[in-house]
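The values are calculated or read from the model by the stated rules, or taken from the named source; none is laboratory data. Note that the coordinates shown come from a computational prediction; the quantities given were computed from them, not determined experimentally. Quick reminder, even Gly has a Cβ in these numbers, built from the backbone with ideal geometry, and neighbours come from all protein chains shown.
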Amino acid sequence: MSGVRGTEIMAAAGAREIRDGEVVVVGIGLPWVACVLAKRTHAPRLTFLLEIGVMNAEPKDTPVGVADPRNFYRATCWTSFRDVMGMSLQRGVVDVGFLGTLEIDGFGNLNTTLLKDESGKVRYFNGSAGGNDTASLARRVIVIMRHEKRKLRQAVAHLTSPGFVGGRGRRELGLRGDGPHRLITDNAIIGFDPDTHAAMLLSLHPVARLEDVVENTGFPLRIPSEVPTTPLPTPEEVRLLQEEIDPKGIYLG
Amino acid sequence: MTNKVKTVAEVVQTIPDGSHIALGGFAINRGCIAVSHELIRQQKKNLTLSQGVVGLDTDLLVGAGLVSRLIMGGGSLDRFGPVHCVNRARESRSVDAHDYSSLTICFRYLAGALGLSFIPVKSLLASEVLERLEAGSAAKDVQRMKCPFTGEEYLLLRALNPDVSFVHVQVADYDGNSQIHGARWENEEQAKAGRRVIVITEELVPTEYIQRFPEKTIIPAHRVEAVIHQPFGAHPTAVFQCYDFDADHLRLYVDHVKRVERVPEYLKTYVLGTKDHWEYLDKVGGLRRMNELKADRVLGY
């Protein structure tokens, strides 16, 4: 299948990680695209929460951010941080936290706060917002991002949102939820060993080459002897993405 | 019923330098822009600013050099860009920034609003966000503790009570009963934690209207000190069911403030060079532009 963009493979792979009937807290960007795709295909009973205080909206136009009122259209509930992140996330009823990030390490720790250049000069970005709360409290965390060596790092420049910090388990860290579950990139799907929490390659996208994935991953990555291939999006998934979910390419590029 | 209606200039005159101010915006939505502009016109100095997800209202104040401390959960202007002035001030350490998350800022306000001195939370544990708070001037505001009943590990947060909380709402009556439509992030907790609570409303309505939809009243009159009636007071940010964000002006703002040397040019043209918010609205396109931004009744934007 030619002409399928990397972002479309990412969005479809992300959507497939969502099961019908689950409750998900969604970050804006590709997490939002993937969750909308899931809801419009195999997961119509998905409960779709935005940190700002919106439940199950059905945007007609692609929102340009979490605070865009396009996100409020046809919601089933308008509410607050306290409700979504306190009474759903911290209460323990959120199955999936779906996030983007600037950097990730091999234990699924996320950095959305700052980057350092080689001279040590710091550049600040958006910070946590709901990211730390979601990563700390959701039952499983799915992260979606571009596969670049400067983003998939041995150590993140700032640990904003914890995964398995230092390879330790979540209870030992004082955290709720089961931590990082999937890292979806434009090359591969990566999981985390249930015992050691180390990153392991689960599948490679049809367009990607294994040596590129190894080269562009800054942390140790366990490679199985046989690497499965990630399924491509179906023509209907591609149509939904291109024509309905993000026709202007705000997130799909 | 009392008439609490005041102008933004009258209210801002009562705020001393060094105050802790909380603003109710989130990124590009319901920013307290008329208030930020007036704080800049009156050159209020050495402010502490708190907000869940800082947006344009706070970025303006930091860009104008009025803020010495920021207590924040995150910040962005959505796809229009980062909060350049805030990020730059953090990089140059010209503000003392206390970085939290959305939920932990909300909980600090919630404790303040409930009359508690602290509140436990399960976020921020095992993160560098917490380590940095513990290592800096925020150390007095956070404390790790085990639950006396279960032994589970918690983070305790000190209550946050701003000197003045401002929130921009769609509808309020003369007495201050305020109704918010759409998502309301930490507006309720932030407002009710305030020692003084000021609402800025798009529309001033009779109490009879409030009484028709009392379930929509998020901030009740007895907590409100003053009501500022300022239509399009959140421009260029969005007010759901009233008007959309002004994408052209947001791009113009970001084009200016992404370079530090162009920040004064923006402030001079749109803030210091206008005597009040009405004159600002004329400068950014007047009635014709505001009418273009007016919300579709079905979509709400």
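Could you list all residues from region B:140-150 that are without any contact (Cβ under 8 Å) to a residue 24 or more places away in the chain, within 19 Å of A:N132 (Cα to Cα) and under 26 Å from the mean Cα position of the chain (by Cα)? Walk me through how you get there before you give the answer.
Of all residues in region B:140-150, those without any contact (Cβ under 8 Å) to a residue 24 or more places away in the chain come to B:140, B:142, B:144, B:146, B:148-150.
Retained after the next criterion (residues that are within 19 Å of A:N132 (Cα to Cα)): B:142, B:144.
Of everything in region B:140-150, just one residue is without any contact (Cβ under 8 Å) to a residue 24 or more places away in the chain, within 19 Å of A:N132 (Cα to Cα) and under 26 Å from the mean Cα position of the chain (by Cα), namely B:V142.
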Legend entry - Given (1) surrounded by 24 or more Cβ atoms within 10 Å (Cβ to Cβ); (2) free of Cβ contacts under 8 Å to residues at least 12 places away in the same chain, index of the condition A:T160 fails: (2)
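Listed here are the residues, each with its yes/no results for (1) more than 14 Å from every other protein chain (Cβ to nearest Cβ); (2) in contact with a strand residue (DSSP E or B) (Cβ under 7 Å, 6 or more places away or on another chain).
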{"position": "A:G169", "(1), (2)": "no, no"}
{"position": "A:R182", "(1), (2)": "yes, yes"}
{"position": "A:I189", "(1), (2)": "yes, yes"}
{"position": "A:P194", "(1), (2)": "yes, no"}
{"position": "A:G218", "(1), (2)": "yes, yes"}
{"position": "A:I223", "(1), (2)": "yes, yes"}
{"position": "A:E226", "(1), (2)": "yes, no"}
{"position": "A:T229", "(1), (2)": "yes, yes"}
Legend entry - Residue in region B:1-46 that is farthest from B:C242 (Cα to Cα), counting only those that are among the hydroxyl-bearing types (S, T, Y) and at pLDDT 95 or above: B:S19
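If you go through region B:247-259 one residue at a time, do you hit one that is in contact (Cβ under 8 Å) with a residue 40 or more places away in the chain and either in a loop (DSSP other than H, G, I, E, B) or acidic (D, E) (or both)?
Step one: filter region B:247-259 for residues in contact (Cβ under 8 Å) with a residue 40 or more places away in the chain, giving B:247, B:250-251, B:253-254, B:257-258.
Next, only the ones that are either in a loop (DSSP other than H, G, I, E, B) or acidic (D, E) (or both) stay: B:258.
Yes, that holds for at least one residue.
Being among the small types (G, A, S), under 25 Å from A:T230 (Cα atoms) and under 15 Å from the mean Cα position of the chain (by Cα) narrows it down to one of A:A34, A:A43, so name that one. Walk me through how you get there before you give the answer.
Working: A:A43 fails: under 15 Å from the mean Cα position of the chain (by Cα).
None of the other options fit; the residue is A:A34.
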Inset, instruction - Could you list all residues from region B:3-46 that are in contact (Cβ under 8 Å) with a residue 12 or more places away in the chain and among the β-branched types (V, I, T)? - result: B:V5, B:T7, B:V8, B:V11, B:V12, B:I15, B:I21, B:I28, B:I33, B:V35, B:I40
Legend entry - Pairs, first of a type in the set (V, I, T) in region A:9-22, second in a loop (DSSP other than H, G, I, E, B), C-beta under 7 Å, six or more apart: A:I9/A:D186; A:I9/A:H205; A:I9/A:T230; A:I9/A:L232; A:I9/A:P233; A:I18/A:A43; A:I18/A:L46
Legend entry - Conditions (1) under 16 Å from A:V143 (Cβ atoms); (2) in a loop (DSSP other than H, G, I, E, B): number failed by A:A13: (2)
Legend entry - In region A:218-253, residue farthest from the chain's Cα centre (by Cα) [restricted to those that are closer than 19 Å to A:P31 by Cβ and polar (S, T, N, Q)]: A:Q242
Inset, instruction - Under 7 Å between Cβ atoms, at least 6 apart or on separate chains: pull out the pairs that start in region B:211-228 with a residue that is within 14 Å of B:F166 (Cβ to Cβ) and end on any residue that is aromatic (F, W, Y) and modelled with pLDDT of 95 or more. - result: B:V227/B:Y174
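Here are some residues: A:V94, A:V25, A:V122. Which one is facing chain B (nearest Cβ under 9 Å) and touching a strand residue (DSSP E or B) at 6+ places or on another chain (Cβ under 9 Å)?
Values: A:V94 fails: facing chain B (nearest Cβ under 9 Å); A:V25 fails: facing chain B (nearest Cβ under 9 Å).
Answer to the selection: A:V122.
Looking only at region B:116-144, count how many residues are within 11 Å of chain A (Cβ to nearest Cβ) and either buried (at least 22 other Cβ atoms within 10 Å of the Cβ) or touching a strand residue (DSSP E or B) at 6+ places or on another chain (Cβ under 9 Å) (or both). First the steps, then the outcome.
If we filter region B:116-144 for residues that are within 11 Å of chain A (Cβ to nearest Cβ), which is where we start, we get B:119-132, B:144.
If we keep only those that are either buried (at least 22 other Cβ atoms within 10 Å of the Cβ) or touching a strand residue (DSSP E or B) at 6+ places or on another chain (Cβ under 9 Å) (or both) as well, we get B:119-130, B:132, B:144.
Of the residues in that region, 14 qualify.
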Inset, instruction - Scan the strands (runs of 3 or more DSSP E) fully inside region B:177-234 and keep the ones with 1 or more residues being farther than 22 Å from A:V54 by Cβ and touching a helix residue (DSSP H, G or I) at 6+ places or on another chain (Cβ under 9 Å). - result: B:196-205, B:226-229
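Of the residues A:R45, A:R19, which is more than 14 Å from chain B (Cβ to nearest Cβ), part of a loop (DSSP other than H, G, I, E, B), in contact with a Gly (Cβ under 8 Å, 6 or more places away or on another chain) and at pLDDT 95 or above? It would help to see each step written out before you state the result.
Working: A:R19 fails: in contact with a Gly (Cβ under 8 Å, 6 or more places away or on another chain).
Only one candidate passes the filter, namely A:R45.
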Inset, instruction - Output the residue which, of all residues in region A:143-167 that are over 21 Å from A:Y124 (Cβ atoms) and within 14 Å of chain B (Cβ to nearest Cβ), is nearest to the chain's Cα centre (by Cα). - result: A:G163
